[in-house]
1. Once you sort the root eigenvalues of the Cα gyration tensor of segment 22-112 as a ≥ b ≥ c, which label holds: rounded (a/c under 1.5), prolate (a/b larger than b/c) or oblate (the other case)?
2. Here are some pairs, 57/79; 49/91; 77/108; 57/91; 55/91; which of them have Cα atoms lying more than 22 Å apart in this structure?
3. Going by accessible area, probe 1.4 Å, with all protein chains left in place, what is the ranking of 102, 97, largest first?
Amino acid sequence: IVKGRLGKISKSLFNHRLSHSLAKNNPEILLGHYLAGLIEGDGSLIVPKTIRNQKGKLLYPVVKITFVEKDAPLANKIKEVLNGGTLVYSKNSKYLDLLFQDLNSIQKIAVLLNGKMRTPKI
């Protein structure tokens, strides 16, 4: 065992290589980090406080990520990889929203994001 500063560097390098080898075998590991960054940057997690609104309509949790129109291929790729979601284009703006509302997508995203968010979330 190498002591001192060199030992810390080689241990850090070993952990770095290990994480990359794990990511090659399971690319969803890195997808979780990427999604966490997107959601914290230009997205939101919407959880309704009640099950129904005043008119009796059911309310569902939503994961929403906003993209600039030129990043539509990225939004489509994320939608394809997660096998769910809906792209909503705004009429008078250069933005589009990627919405995840179905239970399977919400669960998959929750598993991918678990422990990867940097800011506190409830």
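1. Working: a/c = 2.23, a/b = 1.30, b/c = 1.72.
In terms of gyration-tensor shape, oblate.
2. Working: 57/79 26 Å; 49/91 29 Å; 77/108 16 Å; 57/91 25 Å; 55/91 27 Å.
Violating the 22 Å Cα-Cα cut-off are 57/79; 49/91; 57/91; 55/91.
3. On the way: 102 65, 97 30 Å².
I get 102, 97, largest accessible area first.
The values are calculated or read from the model by the stated rules, or taken from the named source; none is laboratory data. Predicted, not measured: the structure shown is a model, and the values here were computed from it. What goes into the accessible areas is simple: the full protein's heavy atoms, side chains included, and nothing from ligands, DNA or RNA. Shrake-Rupley method; radii C 1.70, N 1.55, O 1.52, S 1.80 Å.
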